[in-house]
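What follows is a set of notes on a single structure, which appears directly below.
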Amino acid sequence: MAKRLISLTVNGSKVEREVEDRRLLIHFLREDLRLTGAHVGCETSHCGACTVDMDGKSVKSCTVFAVQADGSNIRTIEGMAQADGSLHPLQEGFRMQHGLQCGFCTPGMIMRSYRFLQENPNPTEEEIRMGISGNLCRCTGYQNIVKAIRYAADKINQIPMKEAAE
Amino acid sequence: MNSQSVQQRQEKLEGIGCKRKRVEDIRFVQGKGNYVDDFVFPGMVFGDFVRSPYAHARIKKIDKSAALALPGVKAVLTAEDLIPLNLHYMPTLAGDVQAVLAHEKVLFQNQEVAFVIAEDRYIAADAVELVQVEYEELPVLVDPFKAMEPGAPVLREDLKDKTSGAHGPRKHPNHIFTWEAGDKQATDAAFDKAEVTIKELISYQRVHPSPLETCASLASMDKINGELTLYGTFQAPHVVRTVASLIAGIPEHKIRVISPDIGGGFGNKVGVYPGYVMSVVGSIVLGVPVKWTEGRIANLSTTAFARDYHMTGELAATKDGKITGLRAHVIANHGAFDACADPTKFPAGLFSICTGSYDIPVAHVEVDGVYTNKAPGGVAYRCSFRVTEAAYMIERLIDILAQKLNMDPAELRWKNLIQPGQFPYKSALGWEYDSGNYPAAMKKALEAIGYQNLRAEQAQRIADFKAGKTRDLMGIGVSFFTEIVGAGPSKNCDILGIGMFDSCEIRVHPTGAAIARLGTKSQGQGHETTYAQILATETGIPADRITIEEGDTDTAPYGLGTYGSRSTPVGGAACSRAGRKIRQKAQMIAAHLLEVHHDDLEWDVDGFYVKGAPEKRKSMKELAWAAYNNVPPGMEMGLEAVDYYDPPNFTYPFGAYICVTDIDADTGEAKVRRFYALDDCGTRINPMIIEGQIHGGLTEAFGIAMGQIVDYDEAGNVQNASFMDYFLPTAVETPHWETDYTETPSPHHPIGAKGVGESPNVGGVPAFSNALNDAFVKFGGIHTQMPHTAPRIWGYAKELGLAA
Amino acid sequence: MIPARFDYHRPQSKRQALEMLGQVLGDGRILAGGHSLIPMMKLRIAAPAHLIDISRIGELKGIAIRGSDIEIGAMTTQHELIASDSLAEACPIIREAAKLIADPQVRYCGTLGGNIGNGDPGNDMPGLMQCLNATYVLESMKGVRVVPARSFYAGAYSTALKDGELLTKVRFTAPPKGHGYAYKKLKRKVGDYATAAAAVILQMADGKVSQASIALTNVADTPLYAKDASDRIAGTSLQSADIDAAVAAAEAIARPAADSRGSVEYRTKMAGVMVRRALMEAAGRSSATAGQSVSPDKKEHKAGGLFGWLKG
């Protein structure tokens, strides 16, 4: 079948691959690039487990074709650690506040939270809950996820963060 | 040895009671979990199913030719291909059989009809569309109450000559079993002479556990060595290995089953599904690894559902509110195949816990299981077997009785709670509850929520509503549940004949670190963190020096897996006892090194010291080293222990939950204003993890009570089988949870722990439902069925004349 | 989960997009935000042979406010609509409604044009556009035409858009400063389509409604501009009887589908409840009546219902 060459930036590195037009971005990330952090949890674009950060937006990668990402700048959970290898405040917050159990929603939840805190650096609990309303979790009941995001917001606001790629 | 030093050393260990941060998180927050779909093997191919659009139909013809002609398609398998292998049906855990691929007829919508294997999942999806199946539709049966009518469509033609099943005689072709417990005569007598009785049909709707990761497997048959490696979303990997050996005819030592990281189970991943079998068959046929992953719609509409229990419950009581008897008849809808994952002697699970937390002198329950044209099952969705159904029934019945007696529901409970002095308590249906102080928990809960004030507020709200000053109703739901978990004693609990013990094997390394493997399997419960805490307390080795492994049947000792909250009661007990064996051997080594008798030694957090001479001490670290070079004469080197624990009894966690809900009578919308949950799970290993389990379980209970249902129309078309319609609450709908606890250790458990993961689902659903129903009690409402969606609540309000 | 095959095209300009659209006609679909179309393709309910991705064509984006004339490019996303403070000041109902659409991720991608153009009766913007009496600019290789939102929708997924046409802009006149507005959406949970929703714009003068516009969402196979209800409330001082009559007129035109969101009866009644609450809220927000008790004998003690805090 015909394939098309796409070229994009993923976690700061340039990537070029040939893909079928119908190939979904989630499969491209997971199978072509072996970035298996983003997960598939449904087929109707509801669960958010596939969420990545694309061109400054939270995007469900199951609802985007890889060809649409040609020329885009994508950040996945694998690109969240700091330049020195230490955890991003969100990753640390999720651990410190017990914001995960089975871990399946976690990459999507963290990637969404990352963009959310850019939109709203000092959110209320109500705003956090609305902010993650596109991400389902079956294990935690969300309460500790809210605390984790709040932890990260506090940490980010105190310490200036150097982003690896924006 | 001052006490501050003891405390410091205990903190360093991170043992039982510590809010230890989770080991698992380090990989999960970096996206480095290893779930089944993350694995890739060389030459791997993909399989997917052709599924039936009809709920009940004969298969006239299957034409594979167009699919086989598509480049990249490797095989298209149907029942015809499985018959020579005798694999077209597989045994279920409930003594029935289930079609792996539909043979001659289909029995539920989306049933598996053919398995297509292709180079990649895109080609497989295209090939699925190209398989042509001709069906002849048959009349559909979806109402379990109609299943045993004369003239009802006969579903299981494969059983048509069988007048008895695994659990006794069958009274109709669509009948599966009748199971009963208790004393019918004494119970009927109690009802005959009762001053007050109530009777109500309480339905627990069909729902689905819906973990975020769907089911998947990856099978690789190595033809040269005759070895099968099977990765899968298995809550019970060893059971899968044994079942795979029995049905595939491969000797068990040649099968390796691996459950890697699992993205939530909640009971969905206990049973064996056609997808697992077909990935194995595919790999055997093609000689390459075959991966099967399931879509969400398939998951919700074909893997094991939960509940679908229709319980006609009755209570007999004195007019002062002392309960004198309980009676229940249940119609259990198992769908097309009884694929219930229950211990074999319990086709209705542990439903007989339905006398609950109350001292009921006599009881009798009877359950009739039936077949319908729905997905097969059911499983225990975040509960012990049928315990949510039992708890829901008794907690609703108590409220209904309270209403009839014009008594406060908390007061009626208070009057009937089992008292502390009655433990161990023998229930009328045969269970021996291990421990509990119910009144203390009840009192604590009522005080914490400000119960009297809430009732006063509610009375004012009712007056305001009647005066037209408000359109909001208010409900207060009380739930005092006792659940039965930790299956279970092998004398009455087995899965396919294997006793429901569990196991732990520990090996301590020379430098004082250790690895422990267990037969349970975490799907998010944090076992890598908590079992290490138990071992840290028992052995004095710091938790962060202990690796915990589960899920690889080549290395883990045999276990029955994780479901029904059994890991702590059974696995945790094996873990603690194995740890004690390590400590016992270490004590002998210490005695040898310190040149004293082992009775002269005292255990002190992380080592032994000589009684009266505390400076003469050996730490566990030193003893580990010594185990490899300096042991007493006649003793083996090394420091290992194994424990297989057959529990003497189940454990009985309990709790008191109170829910306050406001209802908009004009739209039917309900909003939970407050939810207080007090749990008693005995000894608390990691309070942070316990709290997380409660939050998660309450959220699942909230979903079930307020919106979840897998419904079917008259033609058997499944409704709500996608995340568009199946109600999974987001962070916005999910209430804030207030958690609290009491601690009544289990006397028969080595560390007194009872298990807690499922309590919130067991106790939560009745709390939400009782709150909803309570809002209408003073307006003449008695019982409205779940799920309590806005349209249903509005309809109920309208029936009662409260909405137009 | 896996869509059928198609050919992907990425035009660099509006003209190029129209050329491509003219070539593929019925075999092709526009890919805007993709969050209505791609889910349908993944379930194989839709299987276009060609997809024309217009998401990077700058001339299709943008919010232009000239006095009270507002023109919004079809490729403006919900996120951009919400973020625009100038739009929120000129016409706040748009931000309020956009915040109730789907979830944050979908709002980053979903466009105004996609929401109003595909004829999905569940979408929120069509009813809103009818309430605002907006017009849609439709362009093709053959030229440009303008169709009012109130005449654009024929049935479910059936609109006035012809093969080869692209909806490029939405135009409307912002209601005068100080107008009252409300978008009330009853739904099962965040992110859901409406069980029933009502958009209301009111202008008040001397305690009376000088102009009213009411539209309903997802209670028929198209959005419904509730002309009778609007006419009935205009000129009144929003007494109970007036509101009751407007509600009855709204219920009379509702013909919802029965589904998991509720029965026909329930959804019809809820359309009425949403209209009632939207009227109350809109009146309360109108600067001509702000702070005043609008209806002396009103029954509700709060206009927002239990979920009033959800409004933007």
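The values are calculated or read from the model by the stated rules, or taken from the named source; none is laboratory data. Keep in mind that this is a model prediction, so the values were computed, not measured. Don't worry about glycine lacking a Cβ; one is built from the backbone with ideal geometry, like all the others, and counts go over all protein chains shown. Surface accessibility is based on the protein's heavy atoms, side chains included, excluding ligands, DNA and RNA. Shrake-Rupley method; radii C 1.70, N 1.55, O 1.52, S 1.80 Å.
What to note about this one:
- Near pairs, Cβ below 9 angstrom, 6+ apart or cross-chain, from the range B:192-212 (without any contact (Cβ under 8 Å) to a residue 40 or more places away in the chain and open to solvent by 30 Å² or more (accessible area, probe 1.4 Å)) to any residue that is assigned to a strand (DSSP E or B) and of a type outside the set (Gly, Ala, Ser): B:Lys193/B:Thr324
- Close pairs (9 angstrom Cβ cut-off, 6 or more residues apart or separate chains): hydroxyl-bearing (Ser, Thr, Tyr) and at pLDDT 95 or above in the range B:597-609, open to solvent by 30 Å² or more (accessible area, probe 1.4 Å) and in a strand (DSSP E or B) anywhere: B:Tyr609/B:Glu602; B:Tyr609/B:Trp603; B:Tyr609/B:Glu615; B:Tyr609/B:Lys616; B:Tyr609/B:Arg617; B:Tyr609/B:Lys618
- Hits in the range B:320-334 - residues which are basic (Lys, Arg) and part of a loop (DSSP other than H, G, I, E, B): B:Lys322
- When B:Ala363, B:Ala328, B:Ala402, B:Ala380 are checked against the criterion of being within 20 Å of B:Phe305 (Cβ to Cβ), open to solvent by less than 20 Å² (accessible area, probe 1.4 Å) and of a type outside the set (Phe, Trp, Tyr), B:Ala380 stands alone in meeting it.
- Pairs meeting the criteria (first residue in the range A:121-140 and more than 7 Å from every other protein chain (Cβ to nearest Cβ), second residue in a loop (DSSP other than H, G, I, E, B) and small (Gly, Ala, Ser), beta carbons under 6 Å, at least 6 apart or on different chains) are A:Asn135/A:Gly48.
- So A:Arg138, is it in a helix (DSSP H, G or I), open to solvent by 10 Å² or more (accessible area, probe 1.4 Å) and either within 25 Å of B:Pro729 (Cα to Cα) or in the same structural domain as A:Ala38 (by TED's automatic domain parsing) (or both): no
- Residue that is most open to solvent (accessible area, probe 1.4 Å) [pool: residues in the range A:66-86 that are in contact with a Phe, Trp or Tyr (Cβ under 9 Å, 6 or more places away or on another chain) and more than 7 Å from every other protein chain (Cβ to nearest Cβ)]: A:Arg75
- The helices (runs of 4 or more DSSP H) found entirely in the range B:1-107 that carry 2 or more residues being within 30 Å of A:Val40 (Cβ to Cβ) are B:25-28, B:65-69, B:79-82.
- Selection count, the range A:1-24, where residues are outside any strand (DSSP E or B) and either farther than 26 Å from B:Asn34 by Cα or within 14 Å of chain B (Cβ to nearest Cβ) (or both): 8
- Among all positions in the range B:223-233, there is no residue which is among the small types (Gly, Ala, Ser) and within 14 Å of another protein chain (Cβ to nearest Cβ).
- The number of residues in the range B:426-439 that are outside any loop (DSSP other than H, G, I, E, B) and buried (at least 21 other Cβ atoms within 10 Å of the Cβ) comes to 2.
- The single condition among (1) open to solvent by less than 10 Å² (accessible area, probe 1.4 Å); (2) in the same structural domain as A:Cys137 (by TED's automatic domain parsing); (3) out of contact with any Asp or Glu (no Cβ under 7 Å at 6 or more places or on another chain) that A:Leu100 does not meet is (3).
- When the range B:552-564 is filtered for residues that are in contact with a strand residue (DSSP E or B) (Cβ under 7 Å, 6 or more places away or on another chain), under 24 Å from B:Thr651 (Cβ atoms) and open to solvent by less than 20 Å² (accessible area, probe 1.4 Å), the ones remaining, listed by number, are B:Ala556, B:Pro557, B:Gly559, B:Leu560, B:Gly564.
- No other residue among B:Arg674, B:Arg684 is more than 12 Å from every other protein chain (Cβ to nearest Cβ), open to solvent by 10 Å² or more (accessible area, probe 1.4 Å) and not in a loop (DSSP other than H, G, I, E, B) apart from B:Arg674.
- Of the numbered criteria (1) at the interface with another protein chain (Cβ under 7 Å from one of its Cβ atoms); (2) surrounded by fewer than 24 Cβ atoms within 10 Å (Cβ to Cβ), the one A:Cys47 fails is (2).
- Scan of the range B:585-615 for residues that are of a type outside the set (A, V, I, L, M, F, W, C), touching a helix residue (DSSP H, G or I) at 6+ places or on another chain (Cβ under 9 Å) and within 21 Å of B:Leu13 (Cα to Cα), ordered by number: B:Lys585, B:Gln587, B:Asp604, B:Asp606, B:Gly607, B:Tyr609
- Looking across the range C:12-34 at every residue that is within 14 Å of chain A (Cβ to nearest Cβ) and open to solvent by 30 Å² or more (accessible area, probe 1.4 Å), the one that is farthest from A:His27 (Cα to Cα) is identified as C:Gln12.
- With respect to the conditions (1) within 14 Å of another protein chain (Cβ to nearest Cβ); (2) touching a helix residue (DSSP H, G or I) at 6+ places or on another chain (Cβ under 9 Å), B:Leu212 falls short on a single one, namely (2).
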